[in-house]
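J.: If you scroll down you'll find the structure; I have some questions about it.
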Amino acid sequence: MDDLSRSRTAPRVSDSAAAMFAITPRPAAILLDALGTLVALEPPVPRLRAELARRFGLEVTEEQAARAIMAEIAYYRAHLDDGRDEAALAALRRRCAEVLRSALPGDCVRLEPERLLEALLASLRFSAFPDVRPALEAARERGQRLVVVSNWDVSLLGVLRDLGLEPLLDAIVTSAAFGERKPSPAIFAHALALAGVPAGEAIHVGDSLDEDVAGARAAGIEPILIHRGDGPAVPGVRTISSLAELTAPKV
Ligand SMILES: [Mg+2]
């Protein structure tokens, strides 16, 4: 299967060094959701307004830009698995730009699709949460395998590479490349196989009850819910607010 998975031999640390750290039992692999867990989408509305103004001299209100970007994001979420390779991703993105154009005010209809797509892509920027790099580095120090499992198109590899996170990961599994999306247990089983770890020795960290918690459980993997900011406690689900809690030294 053509996917974005890569394998690498993770360094092992001594048991005495590992015993200094918190998780018991220490999972051999940590599976990680991407959006909301590792990375955030920077606010796209001000970026879209700025791109439309800069590239086309078009002024749209915040409300108009928000409506258009929400329509685009909704379309993308429903169709992201179409982006299974570069050519299919390019076609998906053209359709996304068309959705954006249709949702923008009337005078945007004249915009050239390819140029509008460039403006759209420039409006969609991701950043890594500040706790991510230290937590991934600490996990690697401990010899834990790290595999991203994400409902995303094949461009996720480039996003994680641009953010400098890709070298810290053992594999990156996208739903688009794999052919099934979370909460399907199959995509988790694929990630476990890449990690070389049985379900009972892995955890999966994610911010979605439906995709991450339910999916991991269906695959026999302990789910960890990450609530960045406020969120209601969920009975029976181990919840953290930062990835630092996975690798913090024992007090
Ligand atoms: Mg997520």
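J.: If I filter region 218-232 for residues that are closer than 23 Å to V39 by Cβ, out of contact with any helix residue (DSSP H, G or I) (no Cβ under 6 Å at 6 or more places or on another chain) and part of a helix (DSSP H, G or I), do I get at least one hit?
T.: No; the residues of region 218-232 include none that is closer than 23 Å to V39 by Cβ, out of contact with any helix residue (DSSP H, G or I) (no Cβ under 6 Å at 6 or more places or on another chain) and part of a helix (DSSP H, G or I).
J.: Of the conditions (1) in the same structural domain as L120 (by TED's automatic domain parsing); (2) modelled with pLDDT under 95, I73 fails just one. Which one is it?
T.: So I73 meets the others, but not (2).
J.: Determine which single condition D107 fails, assuming it passes every other condition in (1) within 28 Å of R181 (Cα to Cα); (2) part of a helix (DSSP H, G or I).
T.: (1)
J.: Any chance you could count how many residues in region 26-69 are in contact with a Leu (Cβ under 9 Å, 6 or more places away or on another chain), free of Cβ contacts under 8 Å to residues at least 40 places away in the same chain and either within 16 Å of the ligand (Cβ to nearest atom) or not in a helix (DSSP H, G or I) (or both)?
T.: 1
The values are calculated or read from the model by the stated rules, or taken from the named source; none is laboratory data. Note that the structure is predicted; figures quoted are calculated from it, not measured. Glycine gets a Cβ as well: all are built from the backbone with ideal geometry, and neighbour counts include every protein chain shown.
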